[in-house]
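Note sheet for the following structure.
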Amino acid sequence: MTFCIITHVPHGYHANKYFAYAPYVREINIWSKYVDRIVLVAPLQLQKITPIEINYTSSAIDFHEVNSFNFLSLKAIFSSLVELPKVVFKIYFAMKAADHIHLRCPGNMGLLGCMVQVFFPSKSKTAKYAGNWDLKSRQPLSYRLQKWILSNTFLTKNINVLVYGEWENSSKNIKPFFTASYYNSDKTEIKIRSLKSKISFLFVGTLSNGKQPLYAIQLVERIYHKGFDVQLNLYGEGQERLQLEKYISDKKLESFVFLQGNQNQKTVKEAYLNNHFVILPSMSEGWPKVVAEGMFWGCLPIATSVSCVPNMLDNGNRGLLLTLDIKDDVKKIMALINDESLYYSKTKNAVLWSRNYTLDVFEEEIKTILQS
């Protein structure tokens, strides 16, 4: 089977191997076990491998390089209009050569892929929609257009659209799905941490406005000023790092707030094991791996009520849901810190639930989709 992937994820090439963002590549490596050849259409712009990138395991990759594009400025719009015909051309011929078409959405490449796949109604397809599928949520026009095309059974045929969560009034090609980071063999007994000593918080993700790392810092800062012994470690890089460094310095938080930068999966796993809470005050998510990974290792999630997060947290029985009213959120977190039995109960529920969603189960689901 020739498996065609259309994605906006930036790639690099080193030592005769292609590499990209690790969580995405780990997933594609599972898909690749059940195909003979991969035709990959994506930007090739990464110059070096960082701790958050890994290489594909498949050696049978036919890479079709395209330039990244966007419509965020007049200059970008002009250059994108020049580039688009080339990109569409490459997507079309890659799809034509494929037995199965796999779209990674949402994104600019995903949008073009959604449009071009209409011309291949008889080919089997999957679309992995990694964002928030809630049709009522406020999202960019391009995201809404991708969801509309994928949901339209007249335009989009012979496809499984893999979305996070279960949504009412979905078309027949929409399939509730999940993602995973660990295997059954990774399961070890979790000893839930005591709240009698330092209370440790964790943030894992891009340091961007959408993920709101500053809000995570402000939460822990307020809890610190309430007299609690706390610390916060932030793992990740992004455009807000300088702003966060300045805030930490201006507020004199250096003794308990630490920016740890990008780290590999092993280091992040150790962080989950050694912290009480993982905070994700994100404005938009699909199935946040940070939440599921924290739960897997007994690090209780504190997250915003977006996409399928309320379902993941069982409306608060497996964590805390943020309202983004900082006074209210601080009050709820402090109440949980002061009720160790409730913390134990929520954490135990989180561990038990998250361990149903392993890479073993994920792989079986993928195998079924490709063989159907």
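Here is how the numbers come out for the structure above:
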{"read-out": "Counted residues, segment 230-241 - those being within 19 Å of N264 (Cα to Cα) and either not in a loop (DSSP other than H, G, I, E, B) or not charged (D, E, K, R) (or both)", "value": "7"}
{"read-out": "Within segment 27-52, considering residues that are modelled with pLDDT under 95 and more than 23 Å from E83 (Cβ to Cβ), the one surrounded by the most Cβ atoms within 10 Å (Cβ to Cβ)", "value": "I52"}
{"read-out": "Residue pairs meeting the criteria (Cβ under 8 Å; at least 6 apart or on separate chains; first among the acidic types (D, E), in segment 301-314; second surrounded by fewer than 23 Cβ atoms within 10 Å (Cβ to Cβ) and part of a helix (DSSP H, G or I))", "value": "D314/N349; D314/W353"}
{"read-out": "Every pair of residues 6+ apart whose Cβ atoms lie under 7 Å, when the first sits in segment 13-36 and is in contact (Cβ under 8 Å) with a residue 60 or more places away in the chain while the second is of a type in the set (K, R) and outside any loop (DSSP other than H, G, I, E, B)", "value": "P23/K289; Y34/K367"}
{"read-out": "Cβ-Cβ under 8 Å pairs, at least 6 apart or on other chains, segment 187-204 side more than 11 Å from N274 (Cα to Cα) and in a loop (DSSP other than H, G, I, E, B), far side modelled with pLDDT of 95 or more and of a type in the set (K, R)", "value": "K187/R355"}
{"read-out": "Number of the exception - L135 against (1) out of contact with any Lys or Arg (no Cβ under 9 Å at 6 or more places or on another chain); (2) more than 30 Å from A271 (Cβ to Cβ); (3) of a type outside the set (K, R); (4) surrounded by fewer than 17 Cβ atoms within 10 Å (Cβ to Cβ)", "value": "(1)"}
{"read-out": "Pairs, first aromatic (F, W, Y) in segment 123-134, second assigned to a strand (DSSP E or B), C-beta under 6 Å, six or more apart", "value": "Y129/C105; Y129/V163; W133/V163"}
{"read-out": "Top-ranked residue in segment 176-186 [being outside any strand (DSSP E or B) and under 19 Å from P310 (Cα atoms); ranked as nearest to the chain's Cα centre (by Cα)]", "value": "T179"}
{"read-out": "Enumeration of residues in segment 159-175 that are out of contact with any Pro (no Cβ under 6 Å at 6 or more places or on another chain), surrounded by fewer than 21 Cβ atoms within 10 Å (Cβ to Cβ) and either part of a loop (DSSP other than H, G, I, E, B) or among the hydroxyl-bearing types (S, T, Y) (or both)", "value": "G165, W167, E168, N169, S170, S171, K172, N173"}
{"read-out": "Matching entry among E237, E293 (being surrounded by 13 or more Cβ atoms within 10 Å (Cβ to Cβ), in contact with a helix residue (DSSP H, G or I) (Cβ under 7 Å, 6 or more places away or on another chain), among the charged types (D, E, K, R) and closer than 30 Å to Q139 by Cα)", "value": "E293"}
{"read-out": "Yes/no for E363 being under 30 Å from I159 (Cα atoms), surrounded by fewer than 23 Cβ atoms within 10 Å (Cβ to Cβ) and of a type outside the set (K, R)", "value": "yes"}
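Residue by residue, here is whether (1) farther than 17 Å from L300 by Cβ; (2) part of a helix (DSSP H, G or I); (3) modelled with pLDDT of 95 or more; (4) not assigned by TED's automatic domain parsing to the domain that holds I326 holds:
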site: Y215; (1), (2), (3), (4): yes, yes, yes, no
site: E221; (1), (2), (3), (4): yes, yes, yes, no
site: Y224; (1), (2), (3), (4): yes, yes, yes, no
site: F228; (1), (2), (3), (4): no, no, yes, no
site: Q243; (1), (2), (3), (4): yes, yes, yes, no
site: Y247; (1), (2), (3), (4): yes, yes, yes, no
site: K252; (1), (2), (3), (4): yes, no, yes, no
site: S255; (1), (2), (3), (4): yes, no, yes, no
site: V268; (1), (2), (3), (4): no, yes, yes, no
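The values are calculated or read from the model by the stated rules, or taken from the named source; none is laboratory data. Note that the coordinates shown come from a computational prediction; the quantities given were computed from them, not determined experimentally. So basically every Cβ, Gly included, is an ideal-geometry build from the backbone, and we count neighbours across all protein chains shown.
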